[in-house]
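Worksheet: one structure, shown below.
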Amino acid sequence: MTIHPDHPIKFSPMHRLQWEEAQQKDVILYPEGMVELNQSSAEILKCCDGTRNLAQIVSDLEQKFATTGLTNDITAFLEVALKNGWIQQN
Amino acid sequence: MAGSNKTNPTTTLRTGITPPRWLLAELTYACPLQCPYCANPIDYAKYQSELSTEDWKRVLTQARKMGAVQLGFSGGEPLTRKDLAELVKHARDLGYYSNLITSGYGLTEEKIVQLKEAGLDHIQVSIQASSQELNDHLAGTESFQLKKEVAHLVKKHGYPMVLCVVIHRENIHQMPEILAMAEELGADYLELANTQYYGWAHANRDLLLPTKEQFEQAEQIAQAFKEKVAGKMKIYYVVPDFYEDRPKACMNGWGTTFLTIAPDGAALPCHSARDLPGMDCPNVKDYSIEQIWYESLTFNFFRGFEWMKEPCSSCDEKEKDFGGCRCQAYLLSGDMYAADPVCSKSPNHHIIQEAIDSAKASALADNEKPLIFRNSKNSRLLS
């Protein structure tokens, strides 16, 4: 599965992304399971709001963290996320 | 982008004890079905009292504060509780990810919508078999068509649809049809749960335990299907531990992750724990969840490795499976401190083979005894 570069990416309505105070981390919740996220993965998924495509997400995160060269890392993570059903593209 | 350095307030509270993550709220033992492998205790009929709405809300609030996040509303049939939607709403407000574990009996479209609005995240519907005749026989009630309708409605209203089928000798031959049914119903998750032999299933084991050949054939079919539907349907396959040579890491370790609250308010490290001798399970009407989790004798009983006997105490796999299941060790060997007899290192491992042989002989007998169905009458007779 690959990320379509033009289509907006949205977080799956069949999963829930939320901050867990007791664990001090973001998690993905779904039937019978929970994935604990590190901060960078959580930041990427929070950008998947159904309005932004891959390039926009990369550009927003590079700006937010004042860095460059995130394209490969973000693409690789989003492909994993797509495969796991955490995100969707139309 | 390094991880957070803040300390976790819950885990530093009591050194070495992880907080609960999963809460199973057994709202009631009442159930319109009579499945002969029900996980409720055999003597459930003696527990008549049920927690009030306010008790349940307090339990949910306290456990959530400690870090519990996955919540199952179970039973019995949780839909028999009139305050279900109110409890679902309370759970959603607290940030739980909540699941209704139901037979589907009594789940109307109106109720499905009401629960969605209250914030329920998903619904797990159990189906007993792929044919009406066998489903209705095993459930002890006419429910097959209704369950299929419920599965459609669950999908229609945007819930992830989790289908659960308990597998045993009476339905294992239907594996291909069961998988086809899951596909036709559009299940997002399919739980194929090989029967675990506790409670009612233990009483009916001679009639429920499949042969090794039956199990292997069914597993092969299920594995091939898993590959076929990868990416569309997620399969949870619960292995039948009688055909394994190492025990399951039961409950991910006693008092590490799971908390079950029984209908009368007893707090249990697993749903069979109250069957263990001398296990005087604390009640949420007397103690807070925090006191129960960290301080009670029950929850500390099998924490760590100090309680273990040989061959577990010197075993290099003890951190992987914690010696297996305490309830199974007690049920099969009479000693709750013993290694789970499923383990091939256990001196009691022969008990497993004897159980398999006994079930096989029962299947071949001319007049096999009938299944004992789970109902209040049988509960009183057997306890």
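Some notes on this structure:
- Summed over the range B:185-211, residues that are in a helix (DSSP H, G or I), at pLDDT below 95 and either of a type in the set (Phe, Trp, Tyr) or more than 20 Å from the chain's Cα centre (by Cα) (or both) total 1.
- Candidate set: the range B:218-238, residues that are touching a helix residue (DSSP H, G or I) at 6+ places or on another chain (Cβ under 8 Å) and outside any strand (DSSP E or B); chosen: the one nearest to B:GLN353 (Cα to Cα): B:ALA218
- When the range A:27-48 is filtered for residues that are under 20 Å from B:PRO160 (Cβ atoms) and open to solvent by less than 20 Å² (accessible area, probe 1.4 Å), the ones remaining, listed by number, are A:VAL27, A:ILE28, A:LEU29, A:PRO31, A:GLY33, A:LEU37, A:LEU45, A:CYS48.
- Here B:LEU179 passes the criteria (1) surrounded by fewer than 23 Cβ atoms within 10 Å (Cβ to Cβ); (2) within 21 Å of B:PRO210 (Cα to Cα); (3) touching a residue at least 40 places away in the same chain (Cβ under 8 Å); (4) more than 14 Å from chain A (Cβ to nearest Cβ) except the one numbered (1).
- Complete set of residues in the range B:359-379 that are in a helix (DSSP H, G or I) and surrounded by 13 or more Cβ atoms within 10 Å (Cβ to Cβ): B:ALA359, B:LYS360, B:SER362, B:ALA363, B:SER376, B:ASN378, B:SER379
- Pick from the range B:135-171, criterion open to solvent by less than 10 Å² (accessible area, probe 1.4 Å), more than 13 Å from B:GLU191 (Cβ to Cβ) and among the β-branched types (Val, Ile, Thr), ranking: farthest from the other protein chains (Cβ to nearest Cβ): B:VAL150
Results for (1) touching a residue at least 40 places away in the same chain (Cβ under 8 Å); (2) open to solvent by 20 Å² or more (accessible area, probe 1.4 Å); (3) assigned to a helix (DSSP H, G or I), shown as yes or no for each residue.
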| position | (1), (2), (3) |
| --- | --- |
| B:CYS270 | yes, no, no |
| B:MET279 | no, no, no |
| B:PHE302 | yes, no, no |
| B:CYS315 | no, yes, no |
| B:VAL342 | yes, no, no |
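- Residues located in the range B:112-134, provided they are away from chain A (no Cβ under 14 Å) and charged (D, E, K, R): B:GLU117, B:GLU133
- Strands (runs of 3 or more DSSP E) completely within chain A that count 2 or more residues being closer than 22 Å to B:TYR97 by Cα and within 9 Å of another protein chain (Cβ to nearest Cβ): A:16-20, A:25-30, A:33-36
- Residues of the range B:89-111 satisfying the condition of being among the polar types (S, T, N, Q) and more than 14 Å from every other protein chain (Cβ to nearest Cβ): B:SER103, B:THR108
- Number of residues in the range B:204-226 that are basic (Lys, Arg) and either open to solvent by less than 10 Å² (accessible area, probe 1.4 Å) or within 14 Å of B:PHE242 (Cβ to Cβ) (or both) equals 2.
- Residues within the range B:43-80 that are crowded, with 20+ Cβ neighbours inside 10 Å and of a type in the set (Val, Ile, Thr), tallied: 2
- Residues in the range B:21-76 that are part of a loop (DSSP other than H, G, I, E, B) and touching a His at 6+ places or on another chain (Cβ under 7 Å) were compared, and the one that is farthest from the other protein chains (Cβ to nearest Cβ) is B:TYR37.
- Filtered residues of the range A:49-68 (kept if at negative phi, out of contact with any helix residue (DSSP H, G or I) (no Cβ under 8 Å at 6 or more places or on another chain) and touching a residue at least 24 places away in the same chain (Cβ under 8 Å)): A:ASP49, A:THR51, A:ASN53, A:ALA55
- Counting residues in the range B:333-353 that are touching a strand residue (DSSP E or B) at 6+ places or on another chain (Cβ under 8 Å) and at pLDDT 95 or above gives zero.
The values are calculated or read from the model by the stated rules, or taken from the named source; none is laboratory data. These numbers come from a predicted model, not from an experiment. Here Cβ is always computed from backbone atoms with ideal geometry, including for glycine, and neighbour counts include all displayed protein chains. These accessible areas exclude ligands, DNA and RNA; they are computed on the full protein's heavy atoms, side chains included. Shrake-Rupley method; radii C 1.70, N 1.55, O 1.52, S 1.80 Å.
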